[in-house]
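Novice: Supplied in structure tokens, the structure appears directly below.
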Amino acid sequence: MNKAIFTGSFDPFTIGHLDIVRRALPLFDELTICVGCNETKTYRETVEQRIERIRQALRDDPRIKVTSWNGLTVDYCTKHSIPYIIKGIRSMKDYEYEREQAEMNRHLSGVETLFLFADPQYSAVSSSVIKLLESHGRDVSEFLP
């Protein structure tokens, strides 16, 4: 079985994330969306709430699993025999950060990272921007699935 994982805090899960998932799905038999747990970050929703929102957005596709993990992505990949990590790239800044992680992940575990570049219409959509807009009372529903 050809499997991949798509990781992030997904706080919130945006239409940009959804686009990456939909574009990655034809490449794999199973795609795990893994909500990261980082105790040093403050989230707008709990891990369970974020998982439920993602499950609702993607409920019609049985190839998708949604879970959480508190640790290195490569350790999750090794434990669950997942050979590929999917990463969405919006900018060169994203690329440089993700490239370094990809190189280390491959070194540590042999897991390969595949980059999917954001559709230009979603390149400005980020969880951070969504939270900023919300904090100023803006309606962000157009950016969420």
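The values are calculated or read from the model by the stated rules, or taken from the named source; none is laboratory data. Since the model is a prediction, treat every value here as computed from it, not as a measurement. Glycine gets a Cβ as well: all are built from the backbone with ideal geometry, and neighbour counts include every protein chain shown. Heavy atoms of the whole protein, side chains included, go into the accessibility calculation; ligands, DNA and RNA do not. Shrake-Rupley method; radii C 1.70, N 1.55, O 1.52, S 1.80 Å.
Novice: Which pairs have Cβ atoms under 9 Å, sit 6 or more apart or on different chains, and link a residue in region 130-141 that is of a type outside the set (Ser, Thr, Tyr) to one that is loosely packed, with under 13 Cβ neighbours inside 10 Å and at pLDDT 95 or above?
Specialist: Leu132/Arg138; Leu133/Asp139
Novice: Looking for whichever is among the hydrophobic types (A, V, I, L, M, F, W, C), open to solvent by 30 Å² or more (accessible area, probe 1.4 Å) and under 23 Å from Asp119 (Cα atoms) here; the options are Ile15, Ile20. Which one fits?
Specialist: Only one candidate qualifies: Ile15.
Novice: Any chance you could count how many residues in region 26-45 are free of Cβ contacts under 8 Å to residues at least 12 places away in the same chain and within 16 Å of the chain's Cα centre (by Cα)?
Specialist: 0
Novice: Continuing with this model, one more query. Restricting to region 76-124, name every residue that is closer than 17 Å to His17 by Cα, of a type in the set (A, V, I, L, M, F, W, C) and either open to solvent by less than 30 Å² (accessible area, probe 1.4 Å) or touching a residue at least 40 places away in the same chain (Cβ under 8 Å) (or both).
Specialist: Ile85, Ile86, Ile89, Leu114, Leu116, Ala118
Novice: While we're looking at this one, here's another question. Scan region 68-75 and give yes if some residue there is closer than 16 Å to Phe115 by Cβ and crowded, with 19+ Cβ neighbours inside 10 Å, otherwise no.
Specialist: Yes: region 68-75 contains one or more residues that are closer than 16 Å to Phe115 by Cβ and crowded, with 19+ Cβ neighbours inside 10 Å.
Novice: While we're here: Among the helices (runs of 4 or more DSSP H) lying completely within region 1-97, list those that include at least 1 residues that are closer than 26 Å to His107 by Cβ.
Specialist: 15-24, 73-79
Novice: Name, by its number, the condition in (1) over 17 Å from the mean Cα position of the chain (by Cα); (2) at positive phi that does not hold for Leu133.
Specialist: Evaluating Leu133 over (1) over 17 Å from the mean Cα position of the chain (by Cα); (2) at positive phi leaves (2) as the failure.
Novice: Let me ask something else about it. With respect to Arg53, determine if the residue is more than 12 Å from the chain's Cα centre (by Cα), touching a residue at least 40 places away in the same chain (Cβ under 8 Å) and open to solvent by 70 Å² or more (accessible area, probe 1.4 Å).
Specialist: yes
Novice: So, Arg99, is that one among the charged types (D, E, K, R), under 15 Å from the mean Cα position of the chain (by Cα) and closer than 28 Å to Thr78 by Cα or not?
Specialist: Taking the combined requirement at face value, the residue does not satisfy it.
Novice: So which residues in region 125-145 are among the acidic types (Asp, Glu) and within 14 Å of Leu18 (Cα to Cα), if there are any at all?
Specialist: Passing the criteria: only Glu142.
Novice: Of all residues in region 104-145, which are touching a helix residue (DSSP H, G or I) at 6+ places or on another chain (Cβ under 6 Å), among the aliphatic types (A, V, I, L, M) and part of a helix (DSSP H, G or I)?
Specialist: Leu108, Ile130
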